[in-house]
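A short worksheet on the structure shown next.
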Amino acid sequence: MKRMIIIMMLFLPYFHISAQLPDADEIMDRGRELTLMGSLNANVNLLITEKNGATRNRTIAMTTKSYPGGLEKRLIRFLEPADVRGTSMLVIDNKDKPDEMWIYLPALKKTRRIVSSEKGKSFMSSEFSNADMSTPALSDFSNKHTANSGSADYWIIESIPVNDNVADEYGFSKKVSHIKKENYLVTKMEYYNFDDELFKTIEVRSYYPLSNGKYTIEDMAAINHSNGRKSEIQFTNLKENVEIDDSFFTIANLER
Amino acid sequence: MRNYIPSSMESRIKTDEIENEFGVQDIIMLLFTDSTILTEENLRQIKNIDRGISKLSSISRRISPFTTSSIKSSEGMMIVDPLIKTIPSEGDTAGINELYNDILNNPFARNIVFSSDMTSASITATINNTESESVVLAKVDSVVAANTGNARIMKGGLPYIRLHIMKDVKRDAIVLVPLALIVMLLVLKLTLGEWRSVFMPFSVVLLSTGICMGLIPLIGWKLSIITLLVPILLIAVGNNYGIYLVTKFHDICRKGKYIPKREIINEIIRSLKKPLIYSGLTTIAGILGLLTHSIIPARQMGVLAAAGVLAALIMSILLIPGFIYIRSKRTEGLKAPFLGNDVFKKILNPLAELIIRYPGHIIIYSVIFTIVLSSGMSLLKIETNQENYFPKNNPVRQASDIINRKFGGSQTISVMIAGDIKDPVIMRRIDELTRETEHTDGVGQVFSISQAVREMSKAVFLPEEESYDQIPSTRESIAQLFELYNMSGNYDDFSQMLNLENTRAHVLIKLSDPSNVVIKNVNNKIQTITKDIPAEVTTGGYAMIMADFARSIIKGQIFSLGFALITVFILLSLIFKSFRGGLTGSIPLAVSILILFGFMGFTGIALDAATALLSSIMIGVGVDFTIQYIWSFSNNIRNGLTYEESTRTSLRTIGRSIIINALTVMTGFSVLVLSGFSSIRFFGYLVLISIGSCLAGAIILIPAIIMKFRPGFVKADMNTLKKQ
């Protein structure tokens, strides 16, 4: 009996902490719900800065629409620089099969479909992946609190892909999200490679409050720790819940 | 090797400029070889090592079978996939065949990550500066060691070459220096007889070598393949002055009568002080010729060796008489050494008679011999390829051979083009440069942005379309293809060819034969093609540094030779107080230089970082012999001997010392033939030739010239000495 009490006392702190923390899945789901939108129209400025200070700037107009079941469609038109103006991309972000991507090159008057098996591939050769640009399905990850979660103003939750295929698809083995307790918004995400080393950090610098009480990311930066590159994305001219017809996400429209 | 070259050298400045933009091109290569590399076990081994290396923070970029993408055009689609999506299992012949075809059809895989004959695969990795190179290589080695398999693994690339050079230099220093000392001890024992006499010059060798080696860390220099020669040189040369003093001491002792030690010392110093100081100064002058060399370690060697010789000279003059004074043994009745007077008499007496009887013939035969042998100079080659420092069976050399034969080569020429890269005029010129250099002999592979543009055009257009595999005609089209490549290809590949702002492009030319002829040829092509390109062109890369290095070896050779010859000539003219004396004294040196280069030309031994030092060292060491002979001859004439008698006496006395000296120098340097570096081995062999010819010049040619022409400076010298 005495031994039993000692064992219980040893484990008590853990029971105590986990009893106080809300369910990790629940927190992730609330955060996800807060930023999940039907459709969005915005101009996006993407600035990539090399380790040596060299920069590359792209301005695009992006229209996205989310469908039930995790399907997301995105149409991107390049606005700047002038020599790629009009270049357009249509991305169909499928839930259970590889993404489909079409690109239209106005100077060559050609549209090509690009099929890539790598979902973790970079978004417009930035440090953001295509997956970072969409809202991941909750069922793809198992979530749990880290040891110091909840100790300050943040929940710190570790998300691990449910299986190797999902991990390969997203291109990381673990993600640690820092979520503000007061509003359930993610402020920082740390990505770990398959050798469990931190390789990328995304910081969400500001959110844009939407009319329905939800939020959308307005300004974020990704730092690649292995090559020292930094990519920053800023959303301007945000238009929420715009009515976008499905015909907008077609090849015919891409070439318009 | 880059550190051998002054940072002000053009190719180094340009290479630094290119590397600032596109990163250091120093790469390591792991080579996997097997009778067929496409087996499940081999591919798993490669994958495990690739994963292991990717974990190392000091490795910034990898190109491996598992990082390479495959971009295919099929049914209107552009398909981007990893080259190896899944490793085909053993027995999956269809899977293996599909992979085989994928590799052959992928310009980013064939001869880059797999050799065309499918017997080798490679992982190429770029090292960043977060850790020291030796630490990174040790980590890579441990990853390799932890993943054994069927495939044989070899390691190549310049960091590994550097590592092996460092290891071999250390090994050489540990093995060769003690060995040279032992050999020297034996030679001194054979020629000087008793151990006490051996100890005298040997102690000078030890002290001067110690002083000289101590200077290296004090000044803050490092032991390099070249400075490694310094202790050997001092072991070989440092005892010279001591030998003259000790043999003179023996000569006096063997006269058979008792002479007080003080008088013996006075006699030795009186007769040898001047020729020794002059010999020492001329040796130092010859060696200081290395200061005009453009190779940094050659200059360092010049300073160190000159300091060592000076120390040896001072210590010989001060210490050896001291040793003679304190030795307890009676001075008369010394036992003859193994190579005693009798042995020398048997050689030198007939030689003296020959010279006296046929001086003209000797001169004519010497001239003919020199002319014939020096004709080989036209065949003299220059070698700057570090890979050839290693013997053919060395693992580094074997890895380099495979890289050169199957993976395009590890040495590169980089061309940076600064301008509006999206301008079709510039892009077409880059394309022309790429295609022209690709088909040049000795070029293994060329990488450039124009290839990426062509690949993209192949993905966008169908083979029957005009624009398929072409450079587009508008700036916008090129910009949009860049964008397409950027989005579908491997960003790291792209960043090696084009900077982020698209204002600088990089054409990387890998050489399968990094010889100076190929480098020169490729460079000429680059200059011709880019002559009127509306952009700024910078040509650099390791191979270009090597070409500059080759040029600097020749320049260094000419300057140091010129400097040493002129200085020695001036010194000899001052010593003999005669222009003709200076000229006569320089003849054996000039002849030896011609013979040395001619011999190198005929035997195919190339002029390289090590062998280029020979001529200065040879002048420094060889001049001793001539000075000693002429001085002794003049002394004998002064003492009233005839020309014939002087020749006989000089050869018998100083001739013996000269031969002993030449033998010690040759045997001292001969340990170099056991070096781990081919180039140092050749140096060892060539010392035998060059010192041998200096010896022949001093005891055959010079006596013959003096006999035949009876130059006035010999007598003038005698008069001057009489006045003193």
Query raised in the report: Quick check: is even one residue across segment B:106-114 more than 18 Å from residue B:62 (Cβ to Cβ) and among the polar types (S, T, N, Q)?
Result: no
Query raised in the report: Does residue B:463 satisfy the condition of being facing another protein chain (nearest Cβ under 8 Å) and either within 19 Å of residue B:432 (Cβ to Cβ) or part of a loop (DSSP other than H, G, I, E, B) (or both)?
Result: no
Query raised in the report: Of the residues that make up segment B:47-55, is at least one charged (D, E, K, R), within 14 Å of chain A (Cβ to nearest Cβ) and within 21 Å of residue B:411 (Cβ to Cβ)?
Result: no
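The rows are residues; the columns are (1) in a helix (DSSP H, G or I); (2) modelled with pLDDT under 85; (3) of a type in the set (Val, Ile, Thr).
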{"position": "B:273", "(1), (2), (3)": "yes, no, no"}
{"position": "B:277", "(1), (2), (3)": "yes, no, yes"}
{"position": "B:300", "(1), (2), (3)": "yes, no, no"}
{"position": "B:306", "(1), (2), (3)": "yes, no, no"}
{"position": "B:319", "(1), (2), (3)": "yes, no, no"}
{"position": "B:334", "(1), (2), (3)": "no, yes, no"}
{"position": "B:337", "(1), (2), (3)": "no, yes, no"}
{"position": "B:342", "(1), (2), (3)": "yes, yes, no"}
Requested in this report: Quick one: count up the residues across segment B:375-402 that are out of contact with any helix residue (DSSP H, G or I) (no Cβ under 9 Å at 6 or more places or on another chain) and in a helix (DSSP H, G or I).
Outcome: 2
Query raised in the report: Do you know which residues across segment B:636-666 are buried (at least 24 other Cβ atoms within 10 Å of the Cβ) and β-branched (Val, Ile, Thr)?
Result: B:647, B:654, B:658, B:660, B:664, B:665
Query - Residues located in segment A:75-89, provided they are more than 9 Å from chain B (Cβ to nearest Cβ) and closer than 17 Å to residue A:231 by Cβ - result: A:76, A:80
Query raised in the report: For segment A:38-57, which residues satisfy the criterion of being facing chain B (nearest Cβ under 9 Å) and within 19 Å of the chain's Cα centre (by Cα)?
Result: A:48
Report task. Return a yes/no flag: does segment A:58-68 have any residue that is within 14 Å of another protein chain (Cβ to nearest Cβ) and under 28 Å from residue B:23 (Cβ atoms). Result -> yes
Report task. Say whether the condition of being more than 14 Å from chain A (Cβ to nearest Cβ) and polar (S, T, N, Q) is met by at least one residue in segment B:69-86. Result -> no
Query raised in the report: Taking segment B:269-298, which residues are basic (Lys, Arg) and over 19 Å from residue B:569 (Cβ atoms)?
Result: B:270, B:273
Query raised in the report: Do we have residue A:228 as more than 26 Å from residue A:75 (Cα to Cα) and either out of contact with any Cys (no Cβ under 6 Å at 6 or more places or on another chain) or aliphatic (A, V, I, L, M) (or both) here?
Result: yes
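I need a count of the residues in segment A:95-114 that are out of contact with any Lys or Arg (no Cβ under 9 Å at 6 or more places or on another chain) and at pLDDT below 70. Full working, then the answer.
Filtering segment A:95-114 down to residues out of contact with any Lys or Arg (no Cβ under 9 Å at 6 or more places or on another chain) leaves A:95-97, A:108-114.
If we keep only those that are at pLDDT below 70 as well, we get A:95-97.
Within segment A:95-114, residues that are out of contact with any Lys or Arg (no Cβ under 9 Å at 6 or more places or on another chain) and at pLDDT below 70 number 3.
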Requested in this report: Check segment B:345-360 and report whether any residue there is under 40 Å from the mean Cα position of the chain (by Cα), among the β-branched types (Val, Ile, Thr) and modelled with pLDDT of 85 or more.
Outcome: yes
Query raised in the report: buried (at least 18 other Cβ atoms within 10 Å of the Cβ), modelled with pLDDT of 85 or more and outside any helix (DSSP H, G or I), is that true of residue B:508?
Result: yes
**Report entry** Sole residue being more than 30 Å from residue B:397 (Cβ to Cβ), in contact (Cβ under 8 Å) with a residue 24 or more places away in the chain and crowded, with 24+ Cβ neighbours inside 10 Å, chosen from B:633, B:669, B:683
**Finding:** B:633
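Taking strands (runs of 3 or more DSSP E) that do not extend beyond segment A:99-217, which have at least 1 residues that are among the aromatic types (Phe, Trp, Tyr) and within 14 Å of chain B (Cβ to nearest Cβ)?
Working: elements: A:100-105, A:110-116, A:141-145, A:154-161, A:174-180, A:186-192, A:198-209.
Correct list: A:100-105, A:186-192, A:198-209.
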Query raised in the report: Within segment B:473-493, can one find any residue that is touching a residue at least 60 places away in the same chain (Cβ under 8 Å), more than 23 Å from residue A:46 (Cβ to Cβ) and either surrounded by fewer than 18 Cβ atoms within 10 Å (Cβ to Cβ) or within 13 Å of chain A (Cβ to nearest Cβ) (or both)?
Result: no
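The values are calculated or read from the model by the stated rules, or taken from the named source; none is laboratory data. In this text the structure is predicted, and so the values were computed from the model without any measurement. All Cβ positions, even for glycine, are placed from backbone atoms using ideal geometry, and neighbour counts span all protein chains on display.
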